[in-house]
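Since the structure comes first, as structure tokens, the remarks are kept for the end.
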Amino acid sequence: MRKLVLPAILVIAVIGAAGAWGWREHGPVTVDLVQPTRGPAIEAVYATGTVEASVMLPIAPKIGGRIEALLVDERADVREGQPLARLENRELAASVREWEARVRYGEQQFRRADELFRSRTGTAAALDQARNELETARATLDRARRQLAETTLVAPAAGRIIRRDGEIGQLIEAGHKLFWISCCDTLRVAAEIDEEDIPLVRPGQKVLIRSDAFPGRVLEGTVSEITPKGDPVARSFRVRIALPADTPLMIGMTADTNVIVQQKPDTLLIPTAAIVDGKVWLVREERLVARPVEIGIRGNAMTEIRAGIADGDRIVATPPAGLREGRSVRTRARRG
């Protein structure tokens with residue numbers, strides 16, 4: 001009897017394994033179901049971007065010096081020619097006064113030399129020398145006055161101060177960008193769009209914009225221009241998106257943009273994950289039925305179905321691998 005125990009155990013194990021395999025291969029499979037919904041189908045091209053001014057002008061002194069006065073601050077609206085800041089200029093002002101005195105003296109010397117030459121008691125050489133010294137003094141005075149004027153930074157155009165990089169008492173070099181001014185137009189978003197998607201983008205298309213600075217809000221813009229030369233390294237093209245004048249976005253903010261390529265108001269929609277190899281799996285009388293579908297606008301979450309299913313169909317939301325026609329299912333309904 002003991003000799004029969006081991007074979008009997010093996011037979012039971014084989015039968016159990018076969019039963020488990022059979023149940024796994026032919027028994028009901030548990031799936032989540034979803035029904036089609038009606039709603040707008042939107043095809044969009046996604047990109048991240050940065051808010052910038054349409055025109056940004058840097059303002060920097062042509063000469064170095066110590067900041068003596070700051071006459072405007074960030075966010076200030078300024079007019080063209082309005083003084084913005086002043087550098088220390090005592091030495092330059094003194095130089096201007098010195099050369100003004102030299103010009104006056106040179107004018108006197110020239111008049112005297114001219115009178116002597118006309119009265120034939122002076123020489124032409126003395127007159128030429130006086131004239132040359134006067135012209136040199138005048139040219140030097142002009143240069144000193146220009147340098148003195150350059151110690152006052154003025155707005156090159158009407159606009160808004162969007163950044164200031166300097167404090168009173170700070171010594172700055174020539175060319176240091178002390179102010180940035182935005183002018184002449186509204187803000188925009190500069191976004192980088194993948195080269196595979198750029199053929200879909202056209203000026204005038206509507207853009208939906210989201211920013212972490214304004215959670216829960218969807219802002220709008222319009223494609224204004226596409227840079228004709230792409231970046232061969234990033235394989236992308238820069239697209240500029242115009243913003244309305246009342247946009248709450250601020251320069252430097254990041255933004256998620258969706259360029260609306262096409263939009264349909266009332267379509268049959270199912271989750272994109274339900275479509276595998278151009279077909280969906282329906283459940284009819286608790287058994288699986290494969291159904292080819294005609295796909296319209298495909299989105300990341302939902303996809304338009306033009307033909308192949310009806311509104312009331314029950315569809316496998318996320319088909320697992322290995323499904324077969326006619327296999328029975330256990331279902332869990334969920335919202336589409």
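Taken together, the values in this text are just the output of simple stated rules run on the coordinates, not laboratory data. Fair warning: this is a prediction, and the values are worked out from it, not measured in the lab. Using ideal geometry, Cβ is built from the backbone for each residue, glycine included, and neighbour counts are taken over all protein chains shown.
In a fully extended conformation the segment linking residue 246 and residue 286 would gain 8.9 nm over its present Cα-Cα distance, using 0.36 nm per residue. Bridging of residue 279 to lysines at a Cα separation below 30 Å is possible for 264, once same-chain residues fewer than 8 apart are set aside. In the chain, helical runs assigned H by DSSP with n ≥ 4 each contribute -39500 (n - 2.57); averaged across all residues and rounded to the nearest 500, the mean residue ellipticity at 222 nm is -8500 deg cm²/dmol. Its residues counted as N, the stretch 90-149 yields a C-alpha radius of gyration over 2.2 N^0.38 Å of 1.31. The angle between the Cα long axis of helix 2-26 and the main principal axis of the chain comes to about 50°, on a 0 to 90 degree scale. With a Cα-only, solvent-free Debye model of the chain, what are the log10 I(q)/I(0) values at q = 0.07, 0.11, 0.15 Å⁻¹? Log-scaled intensity ratios, in q order: -0.62, -0.92, -1.19. Here's the list of lysines a cross-link from residue 177 could span, going by alpha-carbon distance under 29 Å and ignoring same-chain residues fewer than 8 apart: 62, 229. Principal-axis analysis of the Cα atoms of the chain puts helix 90-118 at an angle of about 40° to the longest axis.
Hand me the GluC sites (Glu not before Pro) from the stretch 220-307 located in a DSSP loop with no more than 14 other Cβ atoms within 10 Å, in residue order please. It would help to have the intermediate numbers written out before the result.
Details: sites: 220, 225, 285, 286, 294, 304; in loops: 285, 286.
Loop-located and lightly packed - 285, 286.
Got the relative contact order for the chain handy, in percent, Cα pairs under 8 Å and 6 or more residues apart? With pairs under 8 Å counted, the relative contact order is 29 percent.
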